[in-house]
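Novice: Have a look at this one.
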Amino acid sequence: MAERRSAELDERLRVATAEAARLRAAVEALPHAVVVCDAAGDVVLRNRRSHDVEGGRHAGALVERAVEEVVAAGGGLRPVVKTLELHGPPPRTFEVTATPMGRSDRPLGTVVLVDDVSELRRLEAVRRDFVANVSHELRTPVGAMGVLAETLADEADPEVMRRLASRITSEAERAGRLIDGLLDLSRIEASGAGAVGALDVDAVVAAAVERVEPLAQQVGVDLVSRPGPAGVDITGDEHQLVSAVVNLLENAVKYSDTGSAVVIETSAAGGWVDVAVRDRGIGIPAKDLERIFERFYRVDRARSRETGGSGLGLSIVRHVATNHGGEVLVESQEGLGSTFTLRLPAG
């Protein structure tokens, strides 16, 4: 009898040990920081992620204090949620959620989940800014067309009517460019690298130059192309890559003075292919360099509106570079010009 009882106890111990091991493995596998406290509020189990909170020692101490606060506030009887904002750098946001275990008349403790929602908050802010910017950018040409149309309806002078109609056409084209830019950016973000194939980099550049040449002639800017060594290939989506180079060239032309030149040069070294677009235009202030790839960000808003810029071109270039495993670099000095380099892996 004693031996059988001992064997049963050993079996129960083995099962309990196995269940505890599975529980710990499950807690370790969770993608969040988890802390388990007993009814007295003492920590009895925590996973590795709860020790490795991103943001350094200071951030870890603040998260630890937040865990203690939610456990104390809930007392093992009710759920408590606390949002912790850390200003950084980099800024981070954590949601600390305490969930009681057991019944109200027999509390067993508390499970605390620490979720890093920094990226989610950033994406929410980007979405809000995007909607606000699109609304603002479209309101200007649409509002202008409404005013011009009202004026045109009451105008009898043929010459004035022609001028007003021309302005309406101009504003409609501006709205169309903005919508086209948004559609291009959306497609590039959604499709990744798209239809990938081997491409001659100089053929990509030549196609882009051909598309921008009419604009350059219109504003009196020369496009100078300097091809790299023959036979340099890249791998990627031709439509996206031509679009990226077109956007770099259009920006350079629009921000250059009449009579100046925009130089586009290709080179290859160390497994990379560079497409550099150099202008001698107005340049970019140092304070703006970190933001120029944001959607709708303009260094010179007045000149950009004057030239019909949508503020989306450099954002498109950055996404194309990312889709192709490359990057876009910029060197600029205010008043002296800028050089943008689209760097891509060699094919």
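Where a number appears in this text, it was derived from the coordinates with a stated rule and is not lab data. Bear in mind the structure is a predicted one, so any value in this text is a computation, not a measurement. Here the Cβ positions follow ideal geometry from the backbone for every residue, glycine too, while neighbour counts run over all protein chains shown.
Novice: How tilted is helix 56-74 with respect to the longest principal axis of the chain? Cα atoms for both, answer in degrees (0 to 90, nearest 10).
Specialist: Between the helix axis and the principal axis of the chain, the angle is about 50 degrees.
Novice: Using only Cα atoms, tell me the angle between helix 2-29 and the longest principal axis of the chain; keep it within 0 to 90° and round to the nearest 10.
Specialist: 20
Novice: Here's another thing I want to ask about it. Considering the dipole of the chain built from charges on the beta carbon (Lys and Arg +1, Asp and Glu -1) around the Cα centre, which of ALA132, LEU178, LEU215 is farthest to its positive end?
Specialist: My answer, from the dipole projection, is ALA132.
Novice: Can you give me the convex hull volume of the Cα atoms of the range 1-131, divided per residue and expressed in Å³?
Specialist: Roughly 138 Å³ of hull volume per residue.
Novice: Relative contact order of the range 1-126: what whole-number percent is it, with Cα pairs under 8 angstrom and at least 6 residues apart?
Specialist: Relative contact order for the range 1-126 comes out at 22 percent.
Novice: How much length is gained on full extension from SER267 to LEU120, taking 0.36 nm per residue of separation minus their Cα-Cα distance?
Specialist: 49.0 nm
Novice: Here is a further query. If you take all C-alpha pairs in the chain, what percent of them are over 26 Å apart?
Specialist: 66
Novice: Distance in nm between label sites at LEU336 and VAL219, each 7 Å beyond Cα in the beta-carbon direction?
Specialist: 2.2
Novice: Place +1 on the Cβ of every Lys and Arg and -1 on the Cβ of every Asp and Glu in the chain, take the dipole about the Cα centre, and give the residue among GLY337, ALA18, VAL245 whose Cα lies farthest towards its positive end.
Specialist: Going by the Cα projections, it comes out as ALA18.
Novice: Determine the gain in length on full extension of the stretch GLU294-GLU173; use 0.36 nm per residue of separation and subtract their C-alpha separation, reporting nm with one decimal.
Specialist: 41.3 nm is the gain from fully extending GLU294 to GLU173.
Novice: Work out the FRET efficiency for LYS82 and GLU28 from their Cβ-Cβ distance, taking R0 = 41 Å, and round it to the nearest 0.05.
Specialist: It comes out at approximately 0.95.
Novice: Using only Cα atoms, find the angle between the long axis of helix 158-191 and the longest principal axis of the chain, and express it within 0 to 90 degrees, rounded to the nearest 10.
Specialist: With both axes taken from Cα atoms, the answer is about 40 degrees.
Novice: Under the Karplus relation 6.51 cos²θ - 1.76 cosθ + 1.60, θ = phi - 60°, what is the ordered set of whole-Hz ³J(HN,Hα) values for the range 33-41, x standing for Gly and Pro?
Specialist: Ordered by residue, 3J(HN,Hα) equals 6, 10, 10, 10, 10, 7, 4, 8, x Hz.
Novice: Quick one: go through the range 166-180 and flag any residue whose amide nitrogen is under 16 Å from the point 7 Å out along the Cα-to-Cβ line of LEU152.
Specialist: 166-176
Novice: Continuing with this model, one more query. Have a look at the range 120-191 and give its Rg and Dmax from the Cα atoms, expressed in angstrom.
Specialist: 16.9, 56
Novice: Still on this structure: Pop a pseudo-label 7 angstrom from the Cα along the beta-carbon direction at both SER260 and ALA346 and give the gap in nm to one decimal.
Specialist: Inter-label distance under the simple model: 3.3 nm.
Novice: For LEU329 and SER186, FRET efficiency with R0 = 25 Å and r from the beta-carbon atoms, rounded to 0.05?
Specialist: For R0 = 25 Å, the calculated efficiency reads 0.50.
Novice: Moving on. Please compute the contact order of the range 194-347 in relative form: average sequence separation of alpha-carbon pairs under 8 Å and at least six residues apart, divided by the residue count, as a percent.
Specialist: Once normalised by length, the contact order is 26 percent.
Novice: On to the next question. Would you work out the relative contact order for the chain, in percent, from Cα pairs under 8 angstrom that are 6 or more residues apart?
Specialist: Once divided by the residue count of the chain, the mean separation gives 11 percent.
Novice: Another one. Once you put a point 7 Å from the Cα of ARG106 and another 7 Å from the Cα of VAL131, both along the Cβ direction, what distance in nm separates them?
Specialist: Those two pseudo-labels are separated by 4.8 nm.
Novice: Here's a follow-up. Which value, in debye to the nearest 20, describes the size of the charge dipole of the chain about its Cα centre when Lys and Arg Cβ atoms bear +1, Asp and Glu Cβ atoms bear -1, and nothing else is charged?
Specialist: It comes to approximately 1100 debye.
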